[in-house]
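Reading through the structure tokens given below for one structure.
Any read-out appearing in this document is the output of simple, stated calculations on the displayed coordinates, not a laboratory observation. Not measured: the values here are computed from a predicted model. Neighbour counts run over all protein chains shown; Cβ positions are idealised from the backbone, glycine included.
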Amino acid sequence: MTARERVARVQDVRRRLAADGPPWTRPHERDFETVSMPERDCDLVRDLLIAEGVETVVEVGLAYGSSALAIGEALAALDPPDPQHVVVDPFQETAYSNVGWALMREAGLDSATRLVVEPSSTALPRLLTEGLVADAAFVDGSHRFHEVFVDLYFLRKLVRPGGLIIMDDVWTPSVRTAVRYYERNLGWTAIPDAFAAGSAWPIDGAPVIRCAAFRLPDDLTEPPFEAFHPF
Ligand SMILES: C[S@@+](CC[C@H](N)C(=O)[O-])C[C@H]1O[C@@H](n2cnc3c(N)ncnc32)[C@H](O)[C@@H]1O
């Protein structure tokens, strides 16, 4: 199968998922729509990763697979020598009945994807000790402040210097506050307008964009603790 055919296969699964939803959902009203990233935000993630020329991507939070399929599409389109997509989600089987993983398989993405069924707080440090180095990460797992903070702590070490960290739901106070530490203290810089064409909600009268992308600094030197900036 050519790279073009592999991309077409992923796009077909993505299109059907966006149009019809997954074959099974948890028994919550509008669960797929509530949990998944909208298609156009997924497209923006895909385009950012393609522009970045990624080969290895770490993702936190699989659920029904919308963002994972978009990341897989980026890797299929780039067709690097050794594509690697590591997806971490402790609840894929117990809460999501493996639906996201089944869609990854249907899209032909399972051979380049490793699913780690474990909380990110224990999976990410293990990936680090295994020596994994990623070009980019996408974060949409637990939204509790302390868990997002820990995800970012380890992703800062897993993603290469100068790499990219993309985050969903930065409009939520817990996620926004966690990433603000890294911006104010560790030199992460938001990529302006990366998601300007994506979803936004009016909060206190102003549109707040759903996703954001951050560039890691090239230099990973740890700052002195006295240089701490409250966030
Ligand atoms: C909002 S959903 C992800 C949606 C997905 N990005 C998409 O677009 O379809 C959040 C996911 O994070 C997972 N999750 C919750 N706690 C987690 C943790 N501690 N580590 C990793 N994943 C976690 C949930 O099981 C769920 O699948």
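General observations
- Any hit, the range 134-155, residues being assigned to a loop (DSSP other than H, G, I, E, B), surrounded by fewer than 21 Cβ atoms within 10 Å (Cβ to Cβ), within 15 Å of the chain's Cα centre (by Cα) and not small (Gly, Ala, Ser): yes
- With respect to the conditions (1) over 29 Å from ASP20 (Cα atoms); (2) within 14 Å of the ligand (Cβ to nearest atom), VAL133 falls short on a single one, namely (2).
- For SER111, the criteria (1) in a loop (DSSP other than H, G, I, E, B); (2) farther than 21 Å from GLU183 by Cα; (3) of a type in the set (Gly, Ala, Ser) hold in every case but one, which is (1).
- Leading residue by the ranking (nearest to the ligand (Cβ to nearest atom)) among those in the range 60-85 that are surrounded by fewer than 21 Cβ atoms within 10 Å (Cβ to Cβ) and among the aliphatic types (A, V, I, L, M): ALA77
- Residues being of a type outside the set (D, E, K, R) and in contact with a helix residue (DSSP H, G or I) (Cβ under 7 Å, 6 or more places away or on another chain) - total across the range 70-118: 25
- Checked against (1) more than 15 Å from the chain's Cα centre (by Cα); (2) part of a strand (DSSP E or B); (3) not polar (S, T, N, Q), ARG180 passes all but a single condition, namely (2).
- Pairs where the first residue, in the range 127-153, is farther than 21 Å from LEU62 by Cβ and the second is among the polar types (S, T, N, Q) and in a helix (DSSP H, G or I), C-beta under 7 Å, 6+ apart: PHE145/SER174; PHE145/THR177
- Selection count, the range 68-86, where residues are outside any helix (DSSP H, G or I) and among the charged types (D, E, K, R): 2
- Among residues of the range 188-216 that are part of a loop (DSSP other than H, G, I, E, B), those with a beta-carbon under 6 Å from a residue that is surrounded by 15 or more Cβ atoms within 10 Å (Cβ to Cβ) and among the polar types (S, T, N, Q) at least six positions away or on a different chain give the pairs ARG210/SER199.
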